[in-house]
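Peer 1: Questions regarding the structure given below will be posed in turn.
The values are calculated or read from the model by the stated rules, or taken from the named source; none is laboratory data. All values derive from a computational prediction rather than experimental measurement. Please note: Cβ atoms are built from the backbone with ideal geometry, for glycine as well, and neighbour counts cover all protein chains shown.
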Amino acid sequence: MRQSAGVDACTEGKAKGNLTTTRSEERSHSMRARRQLERVGLSASSIERFLHAAVKVDLHVKTVLSLSLATLGVLHSVSLCIHVIGRGMAWARDGSPKHATKQVDRLLSNNNVSPWLLFDAWVRFVVGPREELLVALDWTEFDVDDHATLALYLITRHGRATPLRAPNNSPPTSLERPLA
């Protein structure tokens, strides 16, 4: 897809259902997000401290830093496209969008960083000392490719469901296979 002036290629094209945003709109959104996040005390260092406390997985210090900066980039972005996350991260830190995008890309392609390694620690953190839980189990089937997903959510008092996953140390291969 050709990149138009001021429009990111991954957000271009209403045919795919995406909204078209210009970089100036992304920057404007990022600046609003920055003010809102500063108001509640959310910064790269606070996200990094949270990750160290919540996700007690043996990750390299720089990997945790990259995770926290990518999280900050997502919070400052209008899209989950790698380039948009990189620009959001750069604008949040007054850095270079080119280098931030490269950092996000390297984080996502790092074979040592697997979401499955983080899930057990995430569940332990979210559940905490609770003795009873109210959960929702979502089974969604995709008829087109005969694929199904199963998701477990913690029902909370504030009206939002927090995603959980049954603890084990490997990807849920039995849940991600096409149904026979």
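Peer 1: From the set of residues in the stretch 116-142 that are among the β-branched types (Val, Ile, Thr) and under 18 Å from the mean Cα position of the chain (by Cα), which is surrounded by the most Cβ atoms within 10 Å (Cβ to Cβ)?
Peer 2: The qualifying residue surrounded by the most Cβ atoms within 10 Å (Cβ to Cβ) is Val123.
Peer 1: While we're looking at this one, here's another question. What number goes with the only condition from (1) under 21 Å from Gly128 (Cβ atoms); (2) at pLDDT 85 or above that Ala54 does not pass?
Peer 2: Just one mismatch for Ala54, condition (2).
Peer 1: Determine, yes or no, whether Asp145 is outside the structural domain of Ser30 (by the TED database) and surrounded by fewer than 15 Cβ atoms within 10 Å (Cβ to Cβ).
Peer 2: Working: outside the structural domain of Ser30 (by the TED database): yes; surrounded by fewer than 15 Cβ atoms within 10 Å (Cβ to Cβ): yes.
In short, yes.
So that you can scan it fast, the table gives a plain yes or no per residue for (1) modelled with pLDDT under 80; (2) among the β-branched types (Val, Ile, Thr); (3) in contact with a strand residue (DSSP E or B) (Cβ under 7 Å, 6 or more places away or on another chain):
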position: Arg106; (1), (2), (3): no, no, no
position: Trp116; (1), (2), (3): yes, no, no
position: Ala136; (1), (2), (3): no, no, yes
position: Leu152; (1), (2), (3): no, no, yes
position: Arg157; (1), (2), (3): no, no, no
position: Asn168; (1), (2), (3): yes, no, no
position: Pro171; (1), (2), (3): yes, no, no
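Peer 1: Could you check how many residues of the stretch 75-106 are loosely packed, with under 15 Cβ neighbours inside 10 Å and aliphatic (A, V, I, L, M)?
Peer 2: Residues that pass the stated criteria total 1.
Peer 1: State all residues of the stretch 54-91 that are touching a residue at least 60 places away in the same chain (Cβ under 8 Å) and in a helix (DSSP H, G or I); if no residue qualifies, say none.
Peer 2: Restricting attention to the stretch 54-91, the residues satisfying the condition of being touching a residue at least 60 places away in the same chain (Cβ under 8 Å) are 54-57, 78-79, 81-84, 87-88, 91.
The answer is Ala54, Ile82, His83, Val84, Arg87, Gly88, Trp91.
Peer 1: Separate question: When both residues are 6+ apart or on different chains and their Cβ atoms are under 7 Å apart, which pairs have a first residue that lies in the stretch 142-164 and is free of Cβ contacts under 8 Å to residues at least 24 places away in the same chain, and a second that is hydroxyl-bearing (Ser, Thr, Tyr)?
Peer 2: Tyr153/Thr162; Thr156/Thr162; Pro163/Tyr153
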